[in-house]
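**Student:** This is the structure, below, for whatever I ask next.
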Amino acid sequence: MSKKEDFSDIKILLTEMLEPSNKGEQNDTIEDEIAAGNSTTRNNNKQIDMNLAIKEIIDDRKIQIKNALERIENGSYGTCLSCGKAIVRERLEAIPEAIFCIDCQKKKERQAESMINLRDTFFPDQIN
């Protein structure tokens, strides 16, 4: 039986990523702006859309980080969810919430790019 890799350093990093910084989290600023509906934001739909998009990205990242912490706790962290092989430590240190090994991530990106190309070929009027 092989020894399970110690990810305590990455667990600390992930936990710190979830904690609000002393400088104030951008997500909080955006939420405050949306809730306040100040004149700049209220009169600028583009800014509202951008703030909501940024908030959604931040919220999604928080979910990914929480999921990574759960995988550390249950012992599945560091295993590719697609092929089941180990994700190299360097990748986990760079992107601690990574769920795919490099090969599977590249494959998923190529598939997504192919889908976009198909969409653009068959529905050219829908290109943003």
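**Student:** I need the full set of residues from segment 42-56 which are surrounded by 11 or more Cβ atoms within 10 Å (Cβ to Cβ) and either β-branched (Val, Ile, Thr) or not in a helix (DSSP H, G or I) (or both), in order please.
**Tutor:** Asn44, Ile48, Ile54
**Student:** Would a scan of segment 116-128 turn up a residue that is modelled with pLDDT of 90 or more and outside any loop (DSSP other than H, G, I, E, B)?
**Tutor:** no
**Student:** Go through segment 57-98 and give me each residue that's within 18 Å of Lys108 (Cα to Cα) and not in a loop (DSSP other than H, G, I, E, B).
**Tutor:** Gln64, Thr79, Ala86, Arg91, Leu92
The values are calculated or read from the model by the stated rules, or taken from the named source; none is laboratory data. If you're wondering where the values come from, they're calculated on a predicted model, not measured in any experiment. When we count neighbours, we look across all protein chains shown, and the Cβ atoms used for this are built from the backbone with ideal geometry, even at glycine.
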